[in-house]
1. Work out how far the C-alpha atoms of region 209-265 reach from end to end along every principal axis, then list the three figures in whole Å, largest first.
2. Cross-link partners among lysines for LYS528, C-alpha distance below 21 Å, same-chain residues fewer than 8 apart left out?
3. Modelled label-to-label distance, GLU552 and GLU474, 7 Å Cα→beta-carbon offset: nm?
4. What do you get for Rg/Rh over region 170-220 if you use C-alpha atoms and the Kirkwood form of Rh?
5. Among LYS384, LYS2, LYS45, which comes first, second and so on when ranked by fewest other beta-carbon atoms within 10 Å?
6. Where the convex hull is taken over the Cα atoms of region 131-203, what is its projected area averaged over directions, in nm²?
7. What FRET efficiency would be calculated for the residue pair ARG533, ALA707, taking the C-beta separation as r and a Förster radius of 35 Å, to the nearest 0.05?
8. Roughly how many whole Å is it from the C-alpha centroid of region 391-419 to that of region 589-641?
Amino acid sequence: MKSSLIRQKFLDFFAERGHEVRPSASLIPVDPTLLLTNAGMVPFKPYFLGEEQPPFDRAVSAQKVARTVDIEVVGTTVRHFTFFEMLGNFSFGDYFKEQAIPWAYELSTEVLGLDPDRLWFTVHESDDEASAIWLDVVGVDPTRLQRRGTDNFWQMGVPGPCGPCSEIFYDRGPEHGPDGGPVVDEERFCEFWNLVFMQFIQDDPYHVIGDLPARSIDTGMGLERVAMLLQDAPSVFETDVVWPVLQSGASYSGARYGESPEVDVALRILADHGRSVTMLIADGVVPSNDGRGYVLRRILRRAVRHAWRLGGEGLVMPRLVRATVDALGSGYPELSHSEPFIVDVVEREEARFRRTLESGSELLDAEFDRLQPGEVVSGATAFKLHDTYGFPIEVTREVAEEQGLGVDTEGFDREMQAQRERARASWKGGAAAGVADTYRRLLDDTGPTEFLGYRDEAAPGRILALLRQGDAMERAEEGDEVEVFVDRTPFYAEAGGQVGDTGMIETETGTLEVTDTQGPVPALHGHKARVTRGYAQVGQEAQLSIDSPRRERIRKSHTGTHILHWSLRDVLGDHVRQAGSLVEAGRLRFDFSHFRGLGPDELEEVELRANRRTVENAAVSDRVTSKQEADRIGALAFFGDKYGEQVRVVRIGDYSIELCGGTHTPSAGQVGPLLVIGESSIGSNLRRIEALSGDAAYDYMVGVRRALAEAGTMLRARPDEVPERVRALQERARQLEERLGSLSDRDRAEDAAALAAEAETVGERQLVVAERQLDPGALRALALAVRDRLRSGAVVLGSRHNGKGALVAAVTADLMDRGVSAADLASAGAGLLGGGGSRDPELSQAGGPHGEKLTEALEAARDAAGRALVA
Ligand code: SER
């Protein structure tokens, strides 16, 4: 039975029993607590929890599912995958076990035709109810019903719905393992259907805290597993939906399935990972360094590594993608539409990773040669592989494991930590490593700086410390450059892309001009300042005031950045993630994940939607809340930042929610115009957009308008007519150039005629010898034009060009017939020029570096011609 038929029979069976047929949801779940859709019930989770009213009581679906928990065992068993399809029937407070169990049995035996005598069943150890239904209602053999503990309890997330479950297994026969049922061997007794009796809510794994609003049903049948049983395939990899993908991996590498256990594992991994990668990208995931983009990247790299070990020409991923699209296209017609895009993404990612593999392999191989099985790759080597060659630690670990080696991951972590500290120590001030300690000690002494700047632009504070090049000092004199630390400040320290504030600090005795504010360690605001008057002293009261107009412009850029972020996601899709930003007065830069450059239409659309939002002028609000709550409401977080338990959430209207510590305008309208002025690539799958906000955007537009007006005046055209006029001018210039070209043809004809008219007579023949300042091409053309005007004879022209000498000789056809060769004439002079010439008898060219000998060379050529013409 083909997989597509199994799918259809399942859906029909439950549709006939009052179930709403639901299409598969995306692998990118709406649920923000989940990275990927990892079960058929994911789209229905709010119905189980009672958070939403379900529009139907019963549903049935075939759901795409991605699970990476089993990634390590994929390939080593007959039944594990990272991508598969799950068939499921669901009840939301409608029927329960008494109905779900008999239906499952009926479908398995009567519709799919599985032999009832080979079915085994498990129930949770406490579930007498389910046990009774199996034995008394369905009437199965009690020796084939087993009870288990946590294996038969299913849960989704914390907090989340959960409940005991009952699983159905198929005995593949004694050749696949020992007797004793699923509690003994799950390769022989293969689970294919899980019936979950959703009943409770938990706050920790296995820690039930109460009942769901209603008792519900969630079942999941692995499509490929059932296909394996019905198609009598030895493993899920040999079913109709997977085998072609495996075969494409085999044909790539030239390896044969069944050749050796290692080859089989590798080919299975290629098949599974190829399917995962295809389906993830089809749903909009692109490779990146965090979240689901990283999951994708890991799977793809793992596949490439196995292909690399097997060997093969070119790239493997595009083949796996095409095979997957062929195999699954009937169930997911949208796949063929996105195939070119998927191929494009995998090609680039694979090519890049192969370069990494090539460069790091040598180091790794050297390390392997040194080590005995059982030993470990040092943390320093693992770090070097990571840092210099871009080898992810898990790749190093996997490769090492294949060689029977371990990896000192703790040593690796230590090296990473050390590197982070080095990076922090070389922080913006360019301070030496020891300075980081100074700041940390300072923080211990003074405690964190209280930041008043969300509300105040000027405030009093007390000077707690003064540092000059990392050294503490009591008093700073006029002209000193210092870092000032106070107990409370309105100055924003650079963070989250937003630049630090500038402004003024005044004490009773002096004035300091603040040129920047940085947080050398989080929670400590260092004011970089110069004493411009008098002196300042630790312990003094100070009045701190920021440069308000500058801050105002920074605020506009920051709110503008959030709006642009929203707009990018709105236009390009939800895979767009912030990868970094720079928020300055009037100007902003936003880095984000996307797989290709934006076209002019896309950029315009992004800008248009952003500006519609500013004009709409929704309120901007912020509040501090728990990270958990922020996740729940779907706040976008930038993964380069560290967030504590408490986070600040900035909201614009109802469309933008981001975790952000920056300063913002009270409403979107104050951003002013947002003008995109550039878009570029800054790495693989990483783009950078640059934009102007507020008055900077306005000034820019005025400048452009002025330039256009000026061009208009010059062209006597309205600004909107300028492009048309410029096009017309360009066309005219082209025509003129053409005419100039024919003009020079005419010049040449005149010159040739004059030279031919003055030809010397040698016997019955004519000879022209002359010098002209022409480039070699023009010299050749002139020689031919002269030759064509001679009845019978030869022409030798010479030219000095860039210090070199060139000769061109040509003879008429009758002379060629008599054995006179232009090459002999040209080469007679070529020697004097210090070079040689071509051997063409009709038109020969010669030349050499000694341009100063040109006159003599022409004479030599003339002599040779004189002799040849009379012979
Ligand atoms: N949610 C259960 C599973 O994923 C049954 O659908 O196994």
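1. Sorted from largest, the Cα extents of region 209-265 read 57, 26, 17 Å.
2. The reachable lysines, counting only those whose Cα sits under 21 Å from LYS528, are LYS428.
3. It is 4.3 nm.
4. Details: Rg = 16.1 Å, Rh = 13.4 Å.
Using Cα coordinates only, the ratio equals 1.20.
5. LYS2, LYS384, LYS45
6. Result: 5.4 nm².
7. On the way: r = 43 Å, r/R0 = 1.24.
Efficiency for this residue pair is about 0.20.
8. Computed from Cα coordinates, the inter-centre distance equals 36 Å.
No value in this document is a laboratory result; all are computed from the given coordinates. Since this is a predicted model, take the numbers as computed values, not measurements. Backbone-built Cβ (ideal geometry, glycine too); neighbour counts: all protein chains shown.
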